[in-house]
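Worksheet: the structure to be examined is printed underneath.
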Amino acid sequence: MDPTTIYRIRKWEEVFENHRTSPLRKLRWVPVPNDLNGDGYTELVDHEQGAAHYGVWIATVCIASRCHPRGVLVRKHQEPHRPASIARIARLPNDVVTDAWNRFVSIGWLEPLDEAQFLALAAQEPCLEGKEGKGREHPPYSPPRGAVVAIYEAYPRKVGRGAALKAIERALFRIAKDPPDGQEPHVWLLLRTKKYAASKRAQKPAAGERDYRPHPATWYNQERYDDDEKEWGGAA
């Protein structure tokens, strides 16, 4: 199983969504079919670990129902879920989850997505504000896989990675509302980050000197990427 591949639960919308779940912004429950006569189910449980693997399937469905887009097994920052992450979240044995996932792929319950398919699905899913799906809709912005991490890696100071990644996501959403010169938000922000990283202000201080460079979360939250480049002191 390729660790970089994103998997999707096959026929998610047909099988695990209904008229009550579709409008909801966040699911606290998920409908599960009660037909136990299908070929996939009988093939799954006809195994010495069949019952355990079915338990893994239910856990995988629950986790997928909280992903964005729903049904696509992807974590925050577009990083794919792996058996290890499912095992950790569901508190199940990693070896059992790994064996089960291989069987899900073989049976056809999990299907791989390429980047174009993932972005198309992300663009189709509306972002609903308010409880129980009530409120206005706005089109989401989903940067390509790895874009948020790439921007973080380009920033010259590596502090508070989790907070920084969240700040970058928020920055990309703000930029997407009014893209500079029509550029893709992640492309523009990466270029601005690299330009700042190459400036005098961004260089690592000498040993023993205090580091006055902003933490990455601060830099992105304060929209410092929009600063006049003269404030950065020119190229190093």
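The values are calculated or read from the model by the stated rules, or taken from the named source; none is laboratory data. Everything quoted here is computed from the prediction, not taken from an experiment. Note that we place each Cβ from the backbone using ideal geometry, even for glycine, and neighbour counts take in every protein chain shown.
Restricting attention to the stretch 91-116, and to residues there that are more than 20 Å from Y41 (Cα to Cα), of a type outside the set (D, E, K, R) and modelled with pLDDT of 95 or more, which single residue is surrounded by the fewest Cβ atoms within 10 Å (Cβ to Cβ)? Ranking the qualifying residues of the stretch 91-116, first place goes to P93. Keeping to the stretch 69-88, report how many residues are surrounded by 16 or more Cβ atoms within 10 Å (Cβ to Cβ) and either modelled with pLDDT of 90 or more or under 13 Å from R8 (Cβ atoms) (or both). The number of residues fulfilling the criteria is 13. One residue stands out among those in the stretch 75-91 that are in a loop (DSSP other than H, G, I, E, B) and among the charged types (D, E, K, R): the one that is farthest from the chain's Cα centre (by Cα), which is R91.
Tell me, please, whether a residue that is of a type in the set (A, V, I, L, M, F, W, C), within 20 Å of V96 (Cβ to Cβ), out of contact with any Pro (no Cβ under 6 Å at 6 or more places or on another chain) and without any contact (Cβ under 8 Å) to a residue 24 or more places away in the chain can be found in the stretch 56-68. Scanning the stretch 56-68, I find no residue that is of a type in the set (A, V, I, L, M, F, W, C), within 20 Å of V96 (Cβ to Cβ), out of contact with any Pro (no Cβ under 6 Å at 6 or more places or on another chain) and without any contact (Cβ under 8 Å) to a residue 24 or more places away in the chain, so the answer is no.
Put simply, of Y220, Y155, Y212 the only residue that is over 25 Å from H77 (Cα atoms) and out of contact with any Cys (no Cβ under 6 Å at 6 or more places or on another chain) is Y212. If I ask for residues that are among the β-branched types (V, I, T) and not in a strand (DSSP E or B), which ones from the stretch 1-38 would you list? Listed by number, the residues that qualify are T4, T5, V15, T21, V30, V32. Candidates A164, A147, A123, A171: the one that is within 14 Å of the chain's Cα centre (by Cα), at pLDDT below 95, buried (at least 18 other Cβ atoms within 10 Å of the Cβ) and aliphatic (A, V, I, L, M) is A147.
If you go through the stretch 25-68 and pick out every residue that is in contact with a strand residue (DSSP E or B) (Cβ under 6 Å, 6 or more places away or on another chain) and surrounded by fewer than 16 Cβ atoms within 10 Å (Cβ to Cβ), you end up with 1.
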